[in-house]
């Protein structure tokens, strides 16, 4: 693959040079949030108002080099978009992009967006982990925006919270709350028709801007720049309702115990009709009575959310080890190096169940160690040794390892 000249430090990542960073404790002040504690930030700013944070991460290094990001955008399992604004005309293309399909570096006003970089890169995952003072159920992904001078995506708003962290170069942000969120209908992008910014800031490497949902903003690169966007899940009411009803239907089909859930619709008193296309009133009444019996409880809601929010995105593919260790060798290796969740794995839990990559299982038999693994996303070698005498635990972890859901070894 041809290489482009590299104008800034590579910042490439590997398990050998990435340090695991724990998120700040709720009551511990942190530079990441402008010396606020996470508790203060969530109470004063989360979903309420923007916050500019200077030097949130001192001496920040891009998770990937420019070339590394371009290589990632060339993969079929990575979502990428190219946005250009040449001759005052917006254009949008979806990846993957071969190296020769991207505009020249010296050409102005183009942007490459690469989603889910944390799924593929250790350094990006470590950066995302800094924001785990927000529940994992709400945390979505880390996107990297690369732009040449003048590049941007137009004035727009997001329906979710976002942290915009400058990791290379400079970007000028204009933003503000505005009531008119109508979009230009003639563009392939969601660009606001009437953008009226209230504030303007230039972000240098290490600076960060937090924006709650529906705050209009526009970022323009001043020279070559890279910005990391830490985004959060915000499913719509329509999406949640549809998925929950589907979940109830699936669970009902699995749990049917002969109480009539599989009984076919019957209408023994249906008379002959002269208007065959007319919907029978009796049919509407009968189906209404059936639907009125549909009910759910807190457990149904919790298990739905656990399976739904831990389900990997359609583009996610796990990579099992090419030559998996036997269970004995796996235990030996993990006893020396520990284990960690794969970047693509999502592990959630509630009081009774745990949910791993969309699968639901009872928590009681594994609660002592699984909660630790879920909250830390790793298990030290010393902790693994304390569990290694329990064959049911090592067999389960070995099964996850063979599926590519966990990896042997911690980040350095």
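The values are calculated or read from the model by the stated rules, or taken from the named source; none is laboratory data. Quick caveat: nothing in here was measured; it's all calculated off a predicted structure. Glycine gets a Cβ as well: all are built from the backbone with ideal geometry, and neighbour counts include every protein chain shown.
Key figures
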{"quantity": "Considering residues of the stretch 17-28 that are surrounded by fewer than 16 Cβ atoms within 10 Å (Cβ to Cβ) and more than 20 Å from the chain's Cα centre (by Cα) only, the residue farthest from residue 134 (Cα to Cα)", "calculated": "17"}
{"quantity": "Number of the condition not met by residue 135 [criteria: (1) loosely packed, with under 15 Cβ neighbours inside 10 Å; (2) modelled with pLDDT of 95 or more; (3) not in a loop (DSSP other than H, G, I, E, B)]", "calculated": "(3)"}
{"quantity": "Number of positions in the stretch 32-56 that are touching a strand residue (DSSP E or B) at 6+ places or on another chain (Cβ under 8 Å) and either assigned to a loop (DSSP other than H, G, I, E, B) or within 13 Å of residue 165 (Cα to Cα) (or both)", "calculated": "10"}
{"quantity": "Selection status of residue 108, more than 22 Å from the chain's Cα centre (by Cα), surrounded by fewer than 17 Cβ atoms within 10 Å (Cβ to Cβ) and outside any loop (DSSP other than H, G, I, E, B)", "calculated": "no"}
{"quantity": "Single match in 76, 67 (criterion: at pLDDT below 95 and either within 22 Å of the chain's Cα centre (by Cα) or assigned by TED's automatic domain parsing to the domain that holds residue 120 (or both))", "calculated": "76"}
{"quantity": "Filter result (on the phi < 0 side of the Ramachandran plot and at pLDDT below 80) within the stretch 228-276", "calculated": "251, 252, 253, 254, 255, 256, 257, 259, 261, 262, 263"}
{"quantity": "Search result, residues across the stretch 204-223 that are within 24 Å of the chain's Cα centre (by Cα) and either in a strand (DSSP E or B) or exposed (fewer than 15 other Cβ atoms within 10 Å of the Cβ) (or both)", "calculated": "208, 209, 210, 211, 213, 214, 216, 217, 218, 219"}
{"quantity": "Residue match in the stretch 388-395 (condition: more than 22 Å from residue 117 (Cβ to Cβ), touching a strand residue (DSSP E or B) at 6+ places or on another chain (Cβ under 8 Å), buried (at least 16 other Cβ atoms within 10 Å of the Cβ) and not assigned by TED's automatic domain parsing to the domain that holds residue 128)", "calculated": "no"}
{"quantity": "Residue list for the stretch 45-78, filter: under 18 Å from residue 225 (Cβ atoms) and free of Cβ contacts under 8 Å to residues at least 60 places away in the same chain", "calculated": "65, 68, 72, 73"}
{"quantity": "Within the stretch 294-412, helices (runs of 4 or more DSSP H) holding 3 or more residues that are in contact (Cβ under 8 Å) with a residue 40 or more places away in the chain", "calculated": "298-310, 327-337, 381-387, 391-403"}
{"quantity": "Among (1) farther than 29 Å from residue 317 by Cβ; (2) touching a residue at least 24 places away in the same chain (Cβ under 8 Å) - the single one residue 161 does not satisfy", "calculated": "(1)"}
{"quantity": "Residue selected from the stretch 289-302 under the condition modelled with pLDDT of 90 or more and either more than 30 Å from residue 352 (Cβ to Cβ) or surrounded by 10 or more Cβ atoms within 10 Å (Cβ to Cβ) (or both), by the criterion farthest from the chain's Cα centre (by Cα)", "calculated": "296"}
{"quantity": "Sole exception among (1) crowded, with 20+ Cβ neighbours inside 10 Å; (2) under 19 Å from residue 57 (Cβ atoms); (3) more than 12 Å from the chain's Cα centre (by Cα) for residue 130, by number", "calculated": "(1)"}
